[in-house]
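All of the numbers you see were taken from the coordinates with simple rules; none came from a lab. Values in this document were obtained by computation on a predicted structure and should not be read as measured data. So basically every Cβ, Gly included, is an ideal-geometry build from the backbone, and we count neighbours across all protein chains shown.
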Amino acid sequence: MTYTAVPAMAIRNPQLEIAGGRVLSGELSVSGAKNSALVLMAACLLTRDQLRLRNVPPLTDITAMGEMLSSLGCQVVRKGDCLELTGDRISTAAAPYELVNSLRASFFCIGPLLARMGMARVPLPGGCQIGTRPVVEHVKGLKAMGAQVTIEHGIVSAVMPGRGHRLKGGRIHLDCPSVGATETLMMAAVLADGETVIDNAAQEPEVIDLAGLLIAMGGRVRGAGTPTITIAGVDRLHGADYAVIPDRIEAGTFLLAAAITRSAMRISPVIPEHLGAVITKLEEAGCVIRPDGIGVEIVARQINAVDLRTQPFPGFPTDLQAPFMSLLATAKGTSVITENIFENRLQHVAELQRMGAAIRMQGNTAFVEGVPRLSGAPVQGTDLRASAAMVLAGLAAEGLTTVRGLEYLDRGYAHLEDKLNAAGAQIKRVSSY
Ligand code: UD1
């Protein structure tokens, strides 16, 4: 494998030490979108030609996806922020358990593998810290395209019966607008025989980004970004050179870093429409936000309580619920936050309480009564976005906060402490034994 991995952490059990209470200034730069890059990488399985992706963030999840694709026979080479992926010699349609288990998103390979090889064997990804995360909709859609799918011994085996092994276009109605199912089925349908219509599709920007790549590869995709996506299958796809969109969740986290430290900053690049619900809530809370070409400027003084409910795009994103809760823990008044997407995504509440946040829970709803000052404490990030929430709380807290759980944080934030330190934060990565 010629893949240059992001170096594993050189120190054991690293943690972040954050000296809180500093105002930030200047600019925070946003990397390419993790969730987009992961699925775009899987699209290399759809062609024998080289796929060149630009603006790919240096994250451990990207490394893991590279390893998954390498295990299937793809060549994956990183050159700076570019990834060159070549799937001309796919040697197996069977994905290894360890890799799917460590990176849920690698299950998405089932769609392109089936489209290209007429068969795929991919372990069920299982649940994770935030919930059970089923793949029922993915499987249902593949069946609607003629695949025979069995699940035995924890492995999903999909095969296209008959000669030619080509999937057939079909009509698919998703029971919920699953992002992963929509992406998996788009990649399966793009090489199918005939037209596929996906109803109640996810409308997330990452779905639109995938459609952009598939079109650049010669695919015929219409309607991405709306609830109905129509894909006319083509015989073959070719290579492409494509830039990943900026990471809207990282951008949102940075806006919240500015807000929680009551700072005036610029965040760039940002596509404001990708953050509509988040920007609206920040404005409701009292921030002034102004798009300025490729970025946005934010000025935060007093923060007032706001209510929010997570929803599929264009609603408020579940991935920013925990970071936004950190902000509201410091707001004037009581906010009501409801998590509607994942059943176990409020574990950060207990950690914020350790820092002095006044939060009461009722089912999937948190009542957050703002306090004048959080107080620094040792805390544990329980998943990727919960870890980011802890970092934000640490930036605002009085005294020292130590955040553990960096194995989550490093999956989704590239050089987070370096970026924040350049803007005036005081964060050190240290080892603990
Ligand atoms: C993607 C994102 C993740 C984000 C999530 C929701 C990636 C790599 N990850 O995850 O960061 O938090 O979207 O925006 O892009 N569901 C079912 N049945 C299914 C599939 C999903 O009921 O077959 C439900 C899930 O339990 C959940 C909801 O649909 O309640 C959303 O899940 P989904 O959109 O599939 O999330 P992912 O694609 O896994």
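Points worth noting:
- Our note on the geometry: Cα centres of region 351-399 and region 40-90, 37 Å apart.
- Reachable lysines from LYS168, criterion Cα separation under 29 angstrom, eight or more residues apart if same chain: LYS140, LYS143
- Where N is the number of residues in region 349-411, Cα Rg divided by 2.2 N^0.38 Å: 1.08
- Set LYS34/LYS428; LYS281/LYS332; LYS34/LYS281 screened for pairs whose C-alpha atoms are more than 18 Å apart: LYS34/LYS428; LYS34/LYS281
- Cβ-derived FRET efficiency at R0 30 Å, GLU343 paired with THR92, nearest 0.05: 0.30
- Residue exposure proxy: SER70, SER326, SER31, ordered by other Cβ atoms within 10 angstrom of their Cβ from fewest to most, comes out as SER70, SER31, SER326.
- Largest-first principal axis extents, alpha carbons of the chain, Å: 68, 45, 41
- When the alpha carbon gyration tensor of region 282-362 is reduced to an equivalent ellipsoid, the three semi-axes, largest first, read 23, 17, 11 Å.
- Shown in residue order for region 339-349 are the 3J(HN,Hα) couplings computed by the Karplus curve 6.51 cos²θ - 1.76 cosθ + 1.60 at θ = phi - 60°: 9, 9, 9, 10, 6, 10, 10, 10, 5, 5, 4 Hz (x for Gly and Pro).
- Here region 188-292 has an Rg and Dmax of 17.8, 55 Å, counting Cα atoms alone.
- The distance linking region 99-130 with region 294-335 is 33 Å (Cα centroid to Cα centroid, whole angstrom).
- Percent of beta bridges antiparallel (DSSP, the chain, rounded to nearest 5): 75 percent
- Dividing the convex hull volume of the alpha-carbon atoms in region 79-130 by its residue count gives 115 Å³ per residue.
- The HN-Hα couplings worked out from phi for region 274-289 by the Karplus form 6.51 cos²θ - 1.76 cosθ + 1.60 (θ = phi - 60°) are 6, 10, x, 5, 6, 5, 4, 5, 5, 5, 4, 6, x, 7, 9, 10 Hz, whole numbers, x standing for Gly and Pro.
- Amide H to amide H, with H built 1.01 Å from N, LEU28 comes under 5 Å of ARG266, ILE267, SER268, counting only residues 5 or more places away or on other chains.
- Distant-in-sequence amide contacts of LEU308, defined by a placed amide H-H separation under 5 Å and a gap of 5 or more residues or a different chain, comprise VAL336, ILE337, THR338.
- Percentage, to the nearest whole number, of Cα pairs in region 277-433 over 19 Å apart: 55 percent
- Highest mean first, the peptides 199-210, 342-353, 39-50, 181-192 sorted by other C-beta atoms within 10 Å per residue fall in the order 181-192, 39-50, 199-210, 342-353.
- Cα point-scatterer Debye curve for region 34-243, base-10 log of I(q)/I(0) at q = 0.10 Å⁻¹: -0.35
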